[in-house]
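A.B. asks: Below you'll find the structure I mean.
Bear in mind that the values in this text are calculations on the coordinates, not laboratory data. The structure presented is a predicted model; accordingly, all values stated were derived computationally and were not measured. A quick note on method: Cβ atoms are made from the backbone with ideal geometry, for glycine too, and the neighbour counts reach across all protein chains shown.
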Amino acid sequence: MRLLHLIVVAALVTAAAWVYKIKFESARQAERVATLGTDLRRERDAVASLRAEWSRLDNPARIQGLAVRHLSLKAIEATQFDTLDHLPERSVPATASETYDPIGTMIDMGAPDYPTGSVNAPAAAR
């Protein structure tokens, strides 16, 4: 009878230790989740702040003011435009000796019929 009592007490102590370990792990995980939630909120606030800053910097009125203040630009005049027939001729394309294109050369020559793993070899090659 005493041996049975000792076994039951040992089982109870083991179960209590196991439950305490589970409780401790769950508390630690809850703390980690709370920390991650705080970090996530902080990052969202930082992103919102950066978006607001970007909107302020990207404002067309601000950019126009900076351009007027720092650039010596003049307004476009109607005399600056020209018709298409006054455009210069296209430049002469480069000759074959000036540019070497090995892949283009292979395509022009025609690729040999090499058998691949997905294509059966010709009957003569077997």
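A.B. asks: Based on the mean of other beta carbon atoms within 10 Å per residue, what is the order of 21-32, 65-76, most packed first? Can you show the working numbers first?
C.D. replies: On the way: 21-32: 10.0, 65-76: 8.3.
Order by mean packing, descending: 21-32, 65-76.
A.B. asks: Could you please report the charge total around residue 39, scoring K, R as +1 and D, E as -1 over all other residues with beta-carbon less than 12 angstrom from its beta-carbon?
C.D. replies: +2
A.B. asks: For the stretch 2-70, taking Cα atoms only, what is the radius of gyration to one decimal and the Dmax to the nearest whole Å?
C.D. replies: Radius of gyration, then largest Cα-Cα span, for the stretch 2-70: 29.4, 97 Å.
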